[in-house]
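S.K.: Take this structure first; my questions come after.
Any read-out appearing in this document is the output of simple, stated calculations on the displayed coordinates, not a laboratory observation. Keep in mind that this is a model prediction, so the values were computed, not measured. Every residue, glycine as well, gets a Cβ built from its backbone with ideal geometry; the counts of neighbours run over all protein chains shown.
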Amino acid sequence: FHDSSVIPDGAEISSYLFRDTPKRYFFVVEEDNTPLAVTVTPCDAPLEWKLSVQELPEEASGEGSEPLEQQKQQITNEEGTELFSYKGNDVEYFVSSSSPSGLYQLDVLSTEKDTHFKAYATTTPESDQPYPELPYDPRIDVTSLGRTTVTLAWKPSPTASLLKQPIQYCIVISKEHNFKSLCAVEAKLSSDDAFMMAPKPGLDFSPFDFAHFGFPSDNNSGKERGFLKSSSKFGRHTSSKPRADLHKVCIGNKNIFTVSDLKPDTQYYFDMFAVNTNTNMSTAYIGTFARTKEEAKQKTVELKDGKVTDVFIKRKGVKFLRFAPVSSHQKVTFSIHSCLDAVQIQVRRDGKLLLSQNVEGVRQFQLRGKAKAKYLIRLKGSKKGASMLKILATTRPNKQSFPSLPEDTRIKAFDKLRTCSSVTVAWLGTQERNKFCIYKREVDDNYNEERKKREQNQCLGPDTRKKSEKVLCKYFHSQNIQKAVTTETIRGLQPGKSYLLDVYVIGHGGHSVKYQSKLVKTRKFC
C-alpha cells in the first residue's frame, strides 16, 4: 500500500489533480457480499468521477498472491463494470450493503482547473462511521440579526449526542458564497495564501505550484502551511491582498454561536461543519445566508437660540446637535448641565474643532462667533452608564439659563450641633443672587453611599419632590466669595432616624441644579 494510487480500507486520502488529466485509484474487496461505502469530496473545483469493478485474477486471493502492482498491470487496460458515476462539486457517496469481490477502480477527472480532492473507501461502514452524522434537521437557523452580529443555532450531530464521539463544530463566514465541504474552505484559504506570494519574474515555477504539493515556498519556509495559519489572522492580513471576506472558526461542541465584528448592511454566507476530532473528517450542515441590519441613521438635533434641550445618551453612545444662529453674532455661549456622569463635548464651527472637554455638573463655554457660522456639537456618553444632560446655546451673552454654582457643591453637617430632633447644615453659594430650596426625606438605616449615588440625577428638580419633604426656600449671595456660605437648622425630626437632605439652586430661567445629597442621622438619646 505504498503506491499512491491505492486507497487503503477505512482511510481518507487527499490528492491533487492536474486539469484534464484523469487519475485512477484502486482498492480490493476480497469477499463477495461485502458492504462498501465510497465518498469523494471535491475541494475547489467540480469533479467527474466513476466507480467500476473488475473480477480479481484467480491467484489474487489467499497466501502468496501477486503484488497489487502486477495485478494492476494485467488488468489496467480493461474496462470494468460501471457501478456509479457523478459530475459536480457536491460531496457524493456510493453505498452498497452487499458488493461482489473484485478490484474496484475510482476514476477522477477535473476539467475546470488543477484541484485538490479527498477520497474514502471502507468495507466496514457500520463500525467505521468516520464522517459525523447529520441531525434529522441539518439546517442552520439565524436566531437573531444585528448591525454587526448574527447569532446562529443548529441541532447537534447524533455522532456527538448518541455515540458520544468527540465532535467539534466549525463555522465558516464568507461574503461570496456557501461552501459544500470544509476541504473547499481550506483550499480557498490556502490558495489565497499561495496567490499572495508573488512569483519572481523569469521563473518557470511560482511558489504557488509548489505550495499546492505541500512544499513550503521560499518566502513561506518554516511557517505552518495551510488554512489554519490564514484563518487565524482573519481581518488582520498584513499581505497586499487581504482575505477578510472568508473566515473559519471552530467553537468546540456548542450548538449556538454569535458571529461578531461584521459590517452593517452586508450579505454574509454561513456554513457549519461537524468535525470528528479523532479522524479529522467532516460533514456539512445545510448552509444559510443573512444580511446584517443597516447602520442606524444618526439624527442631528437642532438647537434653538436660548432654549434648553434635554439629551439622553446611551452608555458609550454618541449624539450630534447642530446650532445655526439666524443673526450675526460676536460670541456663542454653550451651557451644559450633565445630570449623571461626565460627558465629553466637542464643538466644531464649519468643520474646525474649537472645543473638546469632559463636563461634569454645570459648565459654560464662550466661543468667538463668525457670520453665518454653523456649529456641530458631538456629545459622547460615559463608559459607566447612560448619560442625561441639558444643553443651551445662545448668541445673547445675558441669556444665562442655568444657575451659577460654587466649585464645591457638597452639603456640610455639623456633628456637634446634632440633637434628637434637629440637624444643622451649611452650603456654599456664589456672587450671583439665587434661590435655594432644601428638602428632607427619611430613609432606612441600610441606605448607603451606593444607593445615594444611583439616585444622584442632578437634573431632577424640586417639582419631582413631595410637598411634605420641603423644608424651606431662601435667597442669598455675597459679593465676597469667601463669605458666600449659609447655614440652616432643620427641625421636627425623629430621634435616631436617618434623613437624606437635598439642596436645589434655582436659576432665573427656572432651571434647577441639585447639590450633592447629604445623609444625616439624629441622636437617639438626648
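S.K.: Arranged from highest to lowest average of other beta-carbon atoms within 10 Å per residue, in what order do the peptides 297-307, 463-473, 41-51 appear? Present the calculation step by step, with values, prior to reporting the outcome.
M.R.: On the way: 297-307: 12.7, 463-473: 11.2, 41-51: 21.5.
For the peptides 297-307, 463-473, 41-51, the packing ranking is 41-51, 297-307, 463-473.
S.K.: Let me ask something else. What's the extension gain from GLN346 to PHE312 if we count 0.36 nm per residue and subtract their Cα-Cα distance?
M.R.: Details: separation 34, 0.36 × 34 = 12.24 nm, distance 1.64 nm.
Length gained between GLN346 and PHE312: 10.6 nm.
S.K.: Ok, one more. Under 19 Å Cα to Cα from LYS164, which lysines show up? Leave out anything in the same chain fewer than 8 places away.
M.R.: LYS155, LYS254
S.K.: Right, something else. Counting pairs of Cα atoms in the stretch 301-394, how many percent are more than 16 Å apart?
M.R.: When all Cα pairs of the stretch 301-394 are counted, 50 percent exceed 16 Å.
S.K.: Which order do peptides 128-136, 141-149 fall in by mean Cβ count within 10 Å, highest first? List each step's numbers first, then the result.
M.R.: Numbers: 128-136: 18.2, 141-149: 12.8.
Descending packing order for the listed peptides: 128-136, 141-149.
S.K.: What pairs in LYS331/LYS372; LYS435/LYS470; LYS175/LYS248; LYS384/LYS497; LYS307/LYS467 have C-alpha atoms more than 21 Å from each other? Spell out each step's value before the answer.
M.R.: Details: LYS331/LYS372 12 Å; LYS435/LYS470 14 Å; LYS175/LYS248 12 Å; LYS384/LYS497 32 Å; LYS307/LYS467 28 Å.
Cα-Cα > 21 Å for LYS384/LYS497; LYS307/LYS467; rest within.
S.K.: Where the only charges are on Cβ atoms (+1 Lys, Arg; -1 Asp, Glu), what is the dipole of the stretch 411-521 about its Cα centre, to the nearest 20 debye?
M.R.: On the way: 22 positive and 12 negative charges, 42 e Å.
The calculated dipole for the stretch 411-521 is roughly 200 debye.
S.K.: Putting +1 on Lys and Arg Cβ atoms and -1 on Asp and Glu Cβ atoms, find which of LEU392, ALA324, VAL362 reaches farthest to the positive end of the dipole of the stretch 301-394.
M.R.: ALA324
S.K.: If you don't mind, another one. How much of the calculated P(r) for the stretch 411-521 lies past 19 Å, in percent of all Cα pairs?
M.R.: Numbers: 2808 of 6105 pairs.
The share of Cα pairs beyond 19 Å in the stretch 411-521 comes to 46 percent.
S.K.: Which value in nm describes the separation of the simple spin-label points at LYS87 and GLN364, placed 7 Å from the Cα toward the beta carbon?
M.R.: Taking the simple label geometry, LYS87 and GLN364 are separated by 8.5 nm.
S.K.: Using the per-residue mean of other Cβ atoms lying within 10 Å as a proxy for protection, in what order, highest first, do the peptides 24-31, 113-120, 321-328 fall? Kindly include the intermediate steps, with their values, before the conclusion.
M.R.: Numbers: 24-31: 17.4, 113-120: 19.6, 321-328: 15.0.
Final packing ranking: 113-120, 24-31, 321-328.
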